[in-house]
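Colleague: Dropping a structure here in structure tokens format, bear with me for questions.
The values are calculated or read from the model by the stated rules, or taken from the named source; none is laboratory data. In this text the structure is predicted, and so the values were computed from the model without any measurement. All Cβ positions, glycine included, derive from the backbone under ideal geometry; neighbour counts span all protein chains shown.
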Amino acid sequence: MKKEELFARIEKAIIEGRKSEAEDLAREAVKAKLDLTEVIEKGYVPGIQKVGDLWEKGDYFLPELITSAECMKAAMAVLQPELDKAKIQTRSRGKLVIGTVEGDIHDIGKNLVASMLSANGFDVVDLGADVKLEKFIEKAEETKADFICLSALLTTTMLGQKKAIELLKQKNLCGKFKVLVGGAPANQKWADEIGADGYAENAMLAVKMVKRLMGA
Amino acid sequence: MIKTIRPKLELLSRRLIEKIIDEAYEILDKQGIFVENKEALKLFSQAGMKVDKKTHRVHLKRRLVEKCLATAPAVIKLYDRTGERDYTVGGDEVHFDPGSAAVTILDHKTGEERKPETKDLVDFSRLTECLDNIHFQSTGLISSDVPHPIADIYRLYIGLIYSRKPVVTGTFRVESFRPMKDLLAAVRGGNKELAAKPLAIFDACPSPPLKWSNLTTQSLIDAARAGLPSELISMGMTGATSLVTISGTLVQHVAENLCGVAIVQLAKKGAPVIFGGSPSSFDMRRGTTPMGAIETMMIDAGYAQIGKYLNLPTHAYMGLSDAKTNDAQAGLETGLGAVLGALAGVNVISGPGMLDFESCQSLEKLVIDDEICGMAYRLIAGIAQREDPIATDKFEGFTPETQFLSMPHTKKWYRMEHSYPLIADRDTYDAWVALGRKPIAERASEHVEKILRSNPPALVEKDVRNELTRILTAYAKDNGIASLPALP
Ligand code: B12
């Protein structure tokens, strides 16, 4: 198969959300010893970008969006070990630590945000729900993350977003990570008030915001 | 006199009901359900169920659940603050209460959503007290001027001071149950008295799919032991946290609720429990949970029918809207929900006043919705024969000049047969123009102000109030909170 044909098939598999095909094509690319960064940049990334476009046009709904995001993840799971083996640094768009803050078990929105970010090429470390504030910071330091993303759905737990920022200040880590907040009770005003770097009201806007903050 | 029929909505055939229940039992047995609460796991273990202590998975046998269903009361009585007035929750009785735990209030003056404060909570309680078609109050707003750790208790405290109506409430934290129960017991004059005449319902949500969290399981156990009814609020979101089909969501709903019934009955045999919910049709475009979707209401009416089949009192989140302001959508969705809920015979219907997906309360909407609920009540009262004969005697000596308006028959029945709204516009066009072309929210706002102005607060007796304040302050102090807002 010609390289271009493979890229086109990859793109299509992502757009149409066919997981086993997306994985198989990744394996094929590895076997053919292709430049894997090129495979990602010219096959997978255009695919997920088209998915984003289709979403914006209103053709795609969440099931298509999430299915494609999961295809991306599955294909990357095939490619990443190969890249690591060859010590190839992919142009990471940025690393994020995300979770729902302590005392709060609402995780549907957080999962959507995590899926979309990871589908768009960001490195996402998902800590789950009901996560201790210290844990966010520990993980962010450990993984050298660019962002800490805090989700909260309760008026009681959204205070955790504020506390996390205070904790960062106490530890003198403020400039080191950008802090993003979200969830139903949060809004831009709240984000400004507690000194967060960003707020987004849904998963697609979260992707846009992170891209903007990364200067991409 | 021919018996009046109560109009009824039934969406499921008996065969479909039984199939849904059978599949729910099969899932509870084969896949099991997660219960993240030590005490409940112990209760299940003692009842002979297979429990995996590590994963918190319980495999529930049908025969145990059926035994639990047999001891759950079909009808619950709720009593108001005075203990004199009682409300039957069961059969086809319908009681509306405002949608609860709103994060914001719609500020009529600015048209914006904002964080509520103590004064809003007081106005909300006082208003609820005065609305005839809203039978229960709810701890409907989260006051932003009190520290968060006591937010759930504070709402109950205000409600008990300013309204006599029974309360629909719930805990946000495990520690909150105790002080909330203490407040209720203080009103009644003791724990035994409270159990004999329950004043509040505690909402408890399983976490879809198939899980009961520590917080809400504890609430079930604590409420059962205090003799207070729990409302099981299963809330699958189609295609997001439950199957995308309505029937599939119903299977999960029933499984989660049956587990809730079992927890309550194992904690205390015979304890009151309500088969409720707040499921929604998940919007696949926006990722939101529309409560005004017709499919949401279909799920509600469906599980309510199953709850009745299981011989339990029922509850649903209906009569609310996803609109952000009191516009046509707000009225449409609320009207549909209230009417369908009443026709389905749902015993407790939570929703009035709510906008923006269960997150914003509006006092103006609450008075509009009170009127909508009134219409729903009128509808389910049905068409009665009233007199025998119905008409022939009234037509005796009929001429074209016969006057209906002055007939004694008219005077006797017109207020019973028909209702006369205060807020809906029934003026002629000219009168409407002359009155300033006011939109409904404007008229509603004037009505809110009039009610609050002309009705003195239904304050609780002084000594009870002192006791309530003592309990709240002590609890606040334990949580490191020194002072609380002064009450108006
Ligand atoms: C589903 C739900 C639940 C489920 C959660 C299941 C799960 N696995 O997540 C269950 C049943 C478990 C649940 C439990 C409770 N809930 Co609840 N729940 C909801 C509900 C109906 C929908 C939330 C949801 O998933 N929305 C859909 C998702 C896609 O939207 P989202 O979360 O807002 O996320 C989007 C954006 O906000 C944004 N976003 C989210 N996170 C982030 C993070 C970042 C960094 C960024 C940039 C963006 C972002 O992007 C997302 C995707 O577009 C809301 C009402 C509502 N409409 O919000 C109530 C609601 C949040 N719950 C509420 C309550 C009270 C509770 C309970 C306390 C009830 C009880 N007593 O049992 C418990 C709390 C348990 C706990 N300790 O957390 C209240 C909160 C009130 C308040 N003042 O705080 C609400 C508002 C309902 C109400 N009015 O009563 N709940």
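Colleague: Pull up the stretch B:264-280, narrow it to residues that are under 19 Å from the mean Cα position of the chain (by Cα) and of a type outside the set (A, V, I, L, M), then point me to the one that is farthest from the other protein chains (Cβ to nearest Cβ).
Modeller: Going through the qualifying residues, I end up with B:Pro272.
Colleague: All but one of (1) among the small types (Gly, Ala, Ser); (2) within 13 Å of the ligand (Cβ to nearest atom); (3) modelled with pLDDT under 95 hold for A:Gly175; which doesn't?
Modeller: Answer for A:Gly175: the failing condition is (2).
Colleague: Which residue pairs have Cβ atoms under 6 Å apart, sit 6 or more places apart or on different chains, and have a first residue in the stretch A:140-168 that is within 12 Å of A:Leu180 (Cα to Cα) and within 12 Å of chain B (Cβ to nearest Cβ) and a second that is outside any helix (DSSP H, G or I) and not hydrophobic (A, V, I, L, M, F, W, C)?
Modeller: A:Ala152/A:Asp104; A:Ala152/A:Gly183
Colleague: Which condition does A:Gln80 not pass, out of (1) over 17 Å from the mean Cα position of the chain (by Cα); (2) without any contact (Cβ under 8 Å) to a residue 12 or more places away in the chain, if it passes all the others?
Modeller: For A:Gln80, the failing item is (1).
Colleague: OK, next. Take B:Phe282 and tell me if it is within 12 Å of the ligand (Cβ to nearest atom) and of a type in the set (Phe, Trp, Tyr).
Modeller: Considered against the rule, which asks whether it is within 12 Å of the ligand (Cβ to nearest atom) and of a type in the set (Phe, Trp, Tyr), B:Phe282 comes out as yes.
Colleague: Of the residues B:Ala40, B:Ala24, which single one is within 16 Å of the ligand (Cβ to nearest atom), buried (at least 17 other Cβ atoms within 10 Å of the Cβ) and assigned to a helix (DSSP H, G or I)?
Modeller: Matching residue, one of B:Ala40, B:Ala24: B:Ala40.
Colleague: I would also like to ask the following. Residues that are of a type in the set (Lys, Arg) and surrounded by fewer than 22 Cβ atoms within 10 Å (Cβ to Cβ), at least 3 per element: which helices (runs of 4 or more DSSP H) completely within the stretch A:1-115 meet that?
Modeller: So the answer is A:3-16, A:19-31.
Colleague: Does B:Ser219 satisfy the condition of being within 13 Å of chain A (Cβ to nearest Cβ), of a type in the set (S, T, N, Q) and either within 12 Å of the ligand (Cβ to nearest atom) or not in a helix (DSSP H, G or I) (or both)?
Modeller: no
Colleague: For the stretch B:239-251, how many residues are surrounded by fewer than 24 Cβ atoms within 10 Å (Cβ to Cβ) and either within 12 Å of the ligand (Cβ to nearest atom) or hydroxyl-bearing (Ser, Thr, Tyr) (or both)?
Modeller: Residues in the stretch B:239-251 being surrounded by fewer than 24 Cβ atoms within 10 Å (Cβ to Cβ) and either within 12 Å of the ligand (Cβ to nearest atom) or hydroxyl-bearing (Ser, Thr, Tyr) (or both): 5 in total.
Colleague: Among the residues of the stretch A:122-149 satisfying the criterion of being part of a loop (DSSP other than H, G, I, E, B) and under 11 Å from A:Lys95 (Cβ atoms), which is modelled with the lowest pLDDT?
Modeller: A:Phe122
Colleague: Select from the stretch B:359-383 the residues that are within 14 Å of another protein chain (Cβ to nearest Cβ) and either surrounded by fewer than 23 Cβ atoms within 10 Å (Cβ to Cβ) or away from the ligand (no atom under 15 Å from the Cβ) (or both) and list them in ascending order.
Modeller: Once the filter is applied, which keeps residues that are within 14 Å of another protein chain (Cβ to nearest Cβ) and either surrounded by fewer than 23 Cβ atoms within 10 Å (Cβ to Cβ) or away from the ligand (no atom under 15 Å from the Cβ) (or both), the stretch B:359-383 yields only B:Ser359.
Colleague: Listed residues B:Ile390, B:Ile481, B:Ile423, B:Ile451; which is outside any helix (DSSP H, G or I), of a type in the set (Val, Ile, Thr) and within 22 Å of B:Gly353 (Cβ to Cβ)?
Modeller: B:Ile423
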